[in-house]
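Input: a single structure, listed below in structure tokens.
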Amino acid sequence: DEKIYEKAESIEFCSAVLSRKMTSEDPSRLVNCPFILAIYVLPGEPDTTYVAHRAVAQQEVQSSEIMAEIAKMMKGVAEGAVSW
């Protein structure tokens, strides 16, 4: 009966353009769809809201222009959520 989260939500979204580019380059990247942003508050920390997303591996960022674009987009969405 121990609470893991005070409040938690995962928001799924898709960019058809980015998803198409990503999977055209490597079909196994389907695992990244949909893009997900997790927002949660832990018990005992009511003044702290955590925002998380799946990180793109640094190797993919360095070797793929589209994966670098996706990493940048996810970072921007997370930062936007934090500043909102």
task = Starting from the exponent 0.38 and prefactor 2.2 Å, build the expected Rg for the chain from its residue count and divide its actual Cα Rg by it.
result = 1.26
request  = Using a 10 angstrom cutoff on alpha carbons, build the Gaussian network for the chain and name the most mobile of 12, 65, 45.
outcome  = 45
key: With Cα atoms, 0 to 90° folded angle of helix 16-25 axis to the chain main axis   = 60
remark   = For the chain, listing trypsin sites (Lys or Arg not before Pro) in a DSSP loop whose Cβ sees at most 10 other Cβ atoms within 10 Å gives 3
query = lysines within cross-link reach of residue 72: Cα-Cα under 22 Å, excluding same-chain residues under 8 positions apart?
reply = 21
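No value in this document is a laboratory result; all are computed from the given coordinates. Just so you know, these numbers come straight off a predicted model, no measurement behind them. Here the Cβ is made from the backbone with ideal geometry for all residues, glycine too, and neighbour counts use every protein chain on show.
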